[in-house]
Structures are given as C-alpha cells and as structure tokens.
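S.K.: This is the structure, below, for whatever I ask next.
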Amino acid sequence: MYPNVEVVSCLPDKTVRRSTYADLHLRARALAASLQKAGIRPGDRVATLMWNHSAHLEAYFGIPAAGGVAHTLNLRLHPDELAFIANHARDRWLIVDDVLLPVYEKFADKVGVERVIVVPFSGSPLPRGYEDYEMFLAQGGGNPTYADADENSAAAMCYTSGTTGKPKGVAYSHRALVLHALSISLPDSFAMSRMDTVLPAMSMFHANAWGLPHAAVMNGCKLVFPGPNLQPEALLELLSTENVTLTGGVPTVWLGVIDCLEHDPGRWKLAEGLRIIVAGSAAPESLFRRFDKFNVRVIQPWGMTETTPIATTATLKPEMAGWSENRKYEVRTKQGLPSPLVEMRAVGDDSEIPWDGKTFGELQVRGPFIAARYYNLPEEQDKWTEDGWLRTGDVVTIDADGYMKITDRTKDLIKSGGEWISSVDLENALVGHPAIKEAAVVAIPHPKWQERPLACVVLQDGARVSNEELRIFLCDKFAKWQLPDDFVFLEELPHTSTGKLLKSQLRQRFNNFNWEQVGS
Ligand code: AMP
C-alpha cells in the first residue's frame, strides 16, 4: 500500500541510506524465504545483534513471516549475560551487524548458534565462518510460504534487563504485537497516522523499540532510524532534516537533546507539532516545560518488557483544558491512564488501594498484551497473582481521574521513621535545577530513622552548587523531613544497559555512610 514511503537509516559511519517500503517488503520476504530454505522450523529463535536500521526492521518482519521468533539481543549486556540469554532462548541463528562482531566474538565460544549472518556496513572482508547477509537474502528465491501460525504463537522475544537476578525471557505473540500496535496508535496514546514520520530513538533490542516500528509499518509512516548515532547533535540533525513528527526514548537521551537545542536554538528547524515519547524511567517535569518552549510535546507512557511494553499513557482529558498550567503539568508528568484493553489496579498491604492520589500500592496490570509467564521459567510464576495480574514491582498512587503515578520501584522506596519518601519525586525535582545533570536518591540505613535519603548528583559541565542551595531549592516542593540529608557529588552515576539508574550499586557504595558528619 505504501511502496514509495521511505525508510531512512543513519549508518554506523554516519552516512544516510534511503530505501522504501517496496524494498522492505521484498527484502523481508527474501529473508523469510532464505530462512525457510535454510530449514527454519516453526518457533525457531533467530537472534539479532543490531543497531536501529532498515535491516533490523527486515528481521522484525522476515523472521516471524518464516514462522520463526525474532529474538533481539541487548548489545550492551556483559558477554556472560549474552551467552546465558542466547543459550536459555536456544537461539539457532544470529543476524549481526559487522560493527558488532567484536561484541559477538566475546561470547561466541559459549553458545551453540548454527549460522551467523553478518550485515555488512564497514566494507571489511568477513572473517571465516560468517555469511554475508546480502548473499543470504539472495539464496532463498524471495518467495516464502507464509507460516500458518496460531495467533498466540511467539513472533518475537526479548529478555528483561533486570537490575537484579538473572535475565528473564518474554515471548510476544503475533496477537499481542498487533493489539499493542493498534493500542499505541490510538489518538489518546501516540496518535499515529500515515502522516507521521517516526524516528525510534529507543533501542530496537529493548522491548521492540516500544512497538514503534510495528505500529509505524501498520500505519504506513515514513521511518527514520538513527543507527548507533544517539548523540544530541546527530539526533537533532536527523529530526530536522527528515522532518520527524514522532520520536521517543529514555529521559537521558532527551535531556541531552534539550541542552543542545537551548544552547543553539536557531540551528535546527523541528517539525511543527513534534511529539517525543519519553519513558523507561520517570521523565522530569523540567523536560516537559523546556520542550514546550519549542512547541515540542513530551508524552510520557509507562511500560515494562513484560507489557509489550506500553500499558499506560498520560494525555489530558477534555475537562482539564481549562486547568492552570501547573495542574496540567502535574497530570502530564504522571504515567497516566491504562491503555484500552489493559486493566490496572494497585494493591497495598492486603487490598486494592483507593484511587485518591495519595495511598501507595504495588501496580498490577492484566490484558491481552501483558505477558502471563516468563519463557521457560516456571519457578518465576509468583510474579503473577493467581488470577493472572502481573505484579510490576512499581509502587504507585492512582488519582480520582484514573492517572497512575510511579513513586518508586518496590526495592527503591525510602522508609524514614515509618513514613515513605519517593526517591523519584526528589530526583525529578533535582534535575530541574540548572546546575544538575543527573540525580539519584537512595535509601541508606540510618541508626535513628531506619532509612534516610541520600542524593547522589552529577553536575552540568563547569557548574557549581552547594548542599545548602540544593536544600533551599527543594524546600518549597517537599516537607523538611523528606529532604535528602546529604548530597554527594559524583562524576557519573551507574546505569543499566537500557539507561536506568542502577541504584543497588549506589546503595552498596554508600551503605556505611557516616550520618554523624551531617548531624541528622
Ligand atoms: P524494562 O522492562 O527494562 O522496560 O523496565 C521496566 C521498568 O522501567 C518499569 O517497571 C518501571 O520501573 C520503569 N519505567 C518504565 N517507564 C517508566 C516511566 N514512564 N516512569 C517511571 N518508570 C518507568
């Protein structure tokens, strides 16, 4: 239907390659046909170790079309973790970018992958034992027999990037992917249409790039892929030259972009009405306000690998149109209303919490694109209640309008003298200070209060600020007992492979923090 719609990829060497949906169609079919000729069986896993570009999109469609399961490997993980994941998933083949072969070679001898198909970018000759992707595509004749798969069979899979424990696999059925793509396209979610140009700046190896590639292809949107080029200037260049109208990614990426944009506002011309989907960790209010000045709308959803992943989105209701700006920001910075087809509740000590915007509980969700189990891990079944609700591990409030707000991960909550303190609220407020680039607030054992918040902050280049200034800055937003007792200034904060703060490492590092020196 959309043969001339473009698929644009910025390659590892920063050159831009342009192709079309007609190419995507032919090449995804060619991949499916070649996989079938090579003997793929229904349900066989074909792993990918790739950046965001058109060949990865071909794998998203070509592998399931052949009856296989596209298993996206997270190229930022440790080689031992990658080996564990590839073995646990029983990956049979691997498609890998040539520039990522060094990543594969670090765990190659620990996995039983039968064939390794390499997408050539650098032009260097392939080492022995690898097959060229273009030659592989040419081998199958280009006419696959579409798999007569049950809609509940797996089309894709991805492992959680958990901050603790072993990675856990989530299989996405054809049905879940289609319903999820429809759900995020709806007007009150991301409002996607064929008029959009979509740039997924979240990784295609992290929860299907939040479903954007599937939904974009379903709607016929022009697609722009950044490859590994996620630096603020590179992204701004692509956003403006390709006239992108919908993009998204984790807060860190967009905090970098807004710094760059504010620094040199005349340099880039962004599309009228650009929307940026920001999730993965809480998007700070300052990010919404700063982008609004450029007429760019930040939209915050919430989700997990286990929820395909988008399960809630914070967009306003019509009766809120007349609310004050501050009140509207308060709603937009929540994680939002459940997507259609998703049921949501939060559970306190024993029972469901009231929707009063104050009471805390663990968020639970259920629905046709929410996973019901992990792949081949029956011992992890207690992540689900007996009646099928997924226990998310996120602590939330839900207000009377139905908007959910994440206050913490269950393990990150701070309990001081019997009262809960939200580390996420403190972090969001801190990054609103012009001197602060990033902040993590963690619970540290305290002799009197059981736990107290300690703020670990990274300053903007060349910026200076004192503890007292930061305390005063936070004072009008928080009660005195909620303020961090101390601030430590660090060069950088530890992150997981998908850009989330690794607070467990900070807690360990400061576990024996000497509170006496701050006199609390
Ligand atoms: P992952 O499975 O790696 O996508 O991680 C899912 C977790 O990321 C969730 O359980 C949340 O803790 C966190 N997360 C995702 N989106 C948001 C958001 N908008 N605000 C706060 N936390 C988020």
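S.K.: Among the numbered criteria (1) out of contact with any helix residue (DSSP H, G or I) (no Cβ under 8 Å at 6 or more places or on another chain); (2) open to solvent by 10 Å² or more (accessible area, probe 1.4 Å); (3) of a type outside the set (Asp, Glu), which one does Val396 miss?
M.R.: (2)
S.K.: Would you mention how many residues in the stretch 267-280 are surrounded by fewer than 21 Cβ atoms within 10 Å (Cβ to Cβ) and small (Gly, Ala, Ser)?
M.R.: Final tally of qualifying residues: 2.
S.K.: Which one of the conditions (1) modelled with pLDDT under 95; (2) in contact with a Ser or Thr (Cβ under 9 Å, 6 or more places away or on another chain); (3) away from the ligand (no atom under 16 Å from the Cβ) does Ser281 fail to meet, given that it meets all the rest?
M.R.: (3)
S.K.: Now, a different point. Since Ala59 meets every condition but one in (1) at pLDDT 95 or above; (2) over 17 Å from Leu11 (Cα atoms); (3) not hydroxyl-bearing (Ser, Thr, Tyr), which condition does it not meet?
M.R.: Ala59 satisfies every listed condition except (2).
S.K.: Output yes when any residue across the stretch 424-444 is exposed (fewer than 15 other Cβ atoms within 10 Å of the Cβ), more than 16 Å from the ligand (Cβ to nearest atom) and more than 26 Å from Leu77 (Cα to Cα), and no when none is.
M.R.: Checked against the condition, which is being exposed (fewer than 15 other Cβ atoms within 10 Å of the Cβ), more than 16 Å from the ligand (Cβ to nearest atom) and more than 26 Å from Leu77 (Cα to Cα), the stretch 424-444 yields at least one hit.
S.K.: So which residues in the stretch 486-506 are away from the ligand (no atom under 16 Å from the Cβ), in contact (Cβ under 8 Å) with a residue 12 or more places away in the chain and open to solvent by 30 Å² or more (accessible area, probe 1.4 Å), if there are any at all?
M.R.: Once the filter is applied, which keeps residues that are away from the ligand (no atom under 16 Å from the Cβ), in contact (Cβ under 8 Å) with a residue 12 or more places away in the chain and open to solvent by 30 Å² or more (accessible area, probe 1.4 Å), the stretch 486-506 yields Phe489, Glu491, Glu492.
S.K.: Restricting to the stretch 126-135, and then to whatever is open to solvent by 50 Å² or more (accessible area, probe 1.4 Å) and modelled with pLDDT of 95 or more, can you tell me which residue is farthest from the ligand (Cβ to nearest atom)?
M.R.: Met135
S.K.: Moving on to the next point. Which ones in the stretch 335-355 are exposed (fewer than 13 other Cβ atoms within 10 Å of the Cβ) and closer than 25 Å to Gly280 by Cβ?
M.R.: Scanning the stretch 335-355 gives a single hit, Pro340.
S.K.: Can you tell me how many residues in the stretch 219-266 are open to solvent by less than 30 Å² (accessible area, probe 1.4 Å), among the hydroxyl-bearing types (Ser, Thr, Tyr) and within 20 Å of Asn4 (Cβ to Cβ)?
M.R.: So the answer is 1.
S.K.: Could you check Asp408 against (1) open to solvent by 10 Å² or more (accessible area, probe 1.4 Å); (2) within 16 Å of the ligand (Cβ to nearest atom) and say which number it fails?
M.R.: Asp408 satisfies every listed condition except (1).
S.K.: Within the stretch 304-334, work out how many residues are closer than 22 Å to Glu438 by Cα and open to solvent by less than 70 Å² (accessible area, probe 1.4 Å).
M.R.: Initial filter on the stretch 304-334 (closer than 22 Å to Glu438 by Cα): 329-330, 332-334.
When the remaining residues are screened for being open to solvent by less than 70 Å² (accessible area, probe 1.4 Å), the result is 329, 332-334.
Total meeting the criteria: 4.
S.K.: Then there is this: Can you tell me which residues in the stretch 445-466 are open to solvent by less than 40 Å² (accessible area, probe 1.4 Å) and either among the small types (Gly, Ala, Ser) or over 14 Å from Trp481 (Cα atoms) (or both)? Write out each step before concluding.
M.R.: Within the stretch 445-466, the first condition is being open to solvent by less than 40 Å² (accessible area, probe 1.4 Å), and the residues that meet it are 446, 452-458, 463, 465.
Hits for the stretch 445-466 are Ala455, Cys456, Val457, Val458, Ala463, Val465.
S.K.: So Phe294 passes all but one of these: (1) in a loop (DSSP other than H, G, I, E, B); (2) free of Cβ contacts under 8 Å to residues at least 40 places away in the same chain; (3) crowded, with 24+ Cβ neighbours inside 10 Å. Which condition number does it fail?
M.R.: It fails just one condition, (3).
S.K.: Within the stretch 24-54, can you find the residues that are polar (S, T, N, Q) and in contact with a helix residue (DSSP H, G or I) (Cβ under 6 Å, 6 or more places away or on another chain)?
M.R.: Within the stretch 24-54, Ser34, Thr48 meet the criteria.
S.K.: List pairs: first in the stretch 416-442 and farther than 20 Å from Val331 by Cα, second of a type in the set (Gly, Ala, Ser) and within 14 Å of the ligand (Cβ to nearest atom), Cβ under 8 Å, 6+ apart or cross-chain?
M.R.: Ala440/Ser423; Val441/Ser423; Val442/Ser423
S.K.: Still on this structure: In the stretch 360-374, how many residues are open to solvent by 50 Å² or more (accessible area, probe 1.4 Å) and touching a helix residue (DSSP H, G or I) at 6+ places or on another chain (Cβ under 9 Å)?
M.R.: Total satisfying the criteria: 2.
S.K.: With the condition kept exactly as written, say whether any residue in the stretch 355-362 is more than 15 Å from the ligand (Cβ to nearest atom), of a type outside the set (Phe, Trp, Tyr), within 24 Å of Thr245 (Cα to Cα) and part of a loop (DSSP other than H, G, I, E, B).
M.R.: No, the conditions are met nowhere in the stretch 355-362.
S.K.: For a quick check of your reading: which strands (runs of 3 or more DSSP E) sit entirely within the stretch 6-121 and have at least 1 residues that are in contact (Cβ under 8 Å) with a residue 12 or more places away in the chain and buried (at least 22 other Cβ atoms within 10 Å of the Cβ)?
M.R.: Numbers: elements: 6-10, 16-20, 45-49, 69-72, 91-97, 115-119.
Counting at least 1 such residues, we get 6-10, 45-49, 69-72, 91-97, 115-119.
The values are calculated or read from the model by the stated rules, or taken from the named source; none is laboratory data. This one's a predicted model, so the numbers in the text were calculated from it and none came from an experiment. With ideal geometry, Cβ positions are generated from the backbone for all residues, glycine too; neighbour counts draw on all protein chains shown. With ligands, DNA and RNA removed, areas are computed over all heavy atoms of the protein, side chains included. Shrake-Rupley method; radii C 1.70, N 1.55, O 1.52, S 1.80 Å.
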